[in-house]
Amino acid sequence: MSTACAHARSEPPAPAWVRQSLSLAETRCAEAGQRWTRPRQRVFELLVRAGGPVKAYDLISGFGQDGAAAKPPTIYRALEFLEGLGLAHRIASLNAYVACQAQAPVHSASFLICDCCGSAEEFDPKVEAAAEAEAVRHGFRATALALEMRGLCRDCGG
Ligand SMILES: [Zn+2]
Ligand SMILES: [Zn+2]
């Protein structure tokens, strides 16, 4: 993630939003009959507090509150779990992860990615029906659609 841009947001996410996201995640986890383990909780918290895309490498190095790094498999397993519950998404073109901003049930997410400040806003491109119809024409049975749109966010002059 590029942070060299002068428009990069400096204020962290609101504490109330962080608390709400964490409690929602814990509920979602319980409803799925899964355990909200310490690594899952910590990785999710790091994503929520970052307020934007985070590289797995930064999750590994920032894992321990005492500055100790985590073992990479711990982080990747936690990320896989969070993705499976729809609590986090992988942004392929950035090779980074982001906490779900929609607080919706499991879904494939699309993003507006700013090339200037590196922010990624989850959005609904509203093209799913058209894309699916086109896929059918190709004899393809679609299960998910995810768009990653690049450009400039409103803070950066979009
Ligand atoms: Zn989402
Ligand atoms: Zn921007």
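Quick notes on this one:
- Flag for ALA109 being without any contact (Cβ under 8 Å) to a residue 40 or more places away in the chain and more than 19 Å from the chain's Cα centre (by Cα): no
- Sub-9 Å Cβ pairs linking a first residue in the range 75-98 that is free of Cβ contacts under 8 Å to residues at least 12 places away in the same chain to a second residue that is open to solvent by less than 20 Å² (accessible area, probe 1.4 Å) and among the β-branched types (Val, Ile, Thr), at least 6 apart or interchain, are ARG90/VAL98, ordered by first then second residue.
- Those residues of the range 135-158 which are at positive phi and open to solvent by 70 Å² or more (accessible area, probe 1.4 Å), in sequence order: GLY139
- PHE111 meets the conditions (1) touching a Phe, Trp or Tyr at 6+ places or on another chain (Cβ under 9 Å); (2) more than 16 Å from ligand 2 (Cβ to nearest atom); (3) under 14 Å from GLY52 (Cβ atoms) in every case but one. The failed one is (2).
- In the range 115-129, the residue that is nearest to ligand 1 (Cβ to nearest atom) out of those that are surrounded by 15 or more Cβ atoms within 10 Å (Cβ to Cβ) and over 19 Å from VAL48 (Cβ atoms) is GLU128.
- Residue tally, condition more than 16 Å from ligand 2 (Cβ to nearest atom) and closer than 14 Å to GLU122 by Cβ, over the range 74-96: 6
- Test: GLU132 is open to solvent by 20 Å² or more (accessible area, probe 1.4 Å), among the charged types (D, E, K, R), outside any loop (DSSP other than H, G, I, E, B) and within 16 Å of ligand 1 (Cβ to nearest atom): no
- Residue, farthest from HIS7 (Cα to Cα), within the range 101-114, restricted to residues that are surrounded by 12 or more Cβ atoms within 10 Å (Cβ to Cβ) and not polar (S, T, N, Q): VAL106
- Test: PHE44 is closer than 17 Å to LEU22 by Cα and out of contact with any strand residue (DSSP E or B) (no Cβ under 7 Å at 6 or more places or on another chain): no
- In this structure, GLY52 does satisfy being out of contact with any Asp or Glu (no Cβ under 8 Å at 6 or more places or on another chain), at pLDDT below 95, of a type outside the set (A, V, I, L, M) and within 16 Å of ligand 2 (Cβ to nearest atom).
- LYS71 within 24 Å of CYS153 (Cβ to Cβ) and exposed (fewer than 15 other Cβ atoms within 10 Å of the Cβ): no
- Reported count of residues in the range 21-54, each being free of Cβ contacts under 8 Å to residues at least 40 places away in the same chain and open to solvent by 80 Å² or more (accessible area, probe 1.4 Å), is 5.
The values are calculated or read from the model by the stated rules, or taken from the named source; none is laboratory data. Just so it is clear, the structure is predicted and the values come from calculations on it, not from any experiment. So basically every Cβ, Gly included, is an ideal-geometry build from the backbone, and we count neighbours across all protein chains shown. For the accessible areas, the whole protein counts, side chains as well, though only heavy atoms, and no ligand, DNA or RNA atoms are used. Shrake-Rupley method; radii C 1.70, N 1.55, O 1.52, S 1.80 Å.
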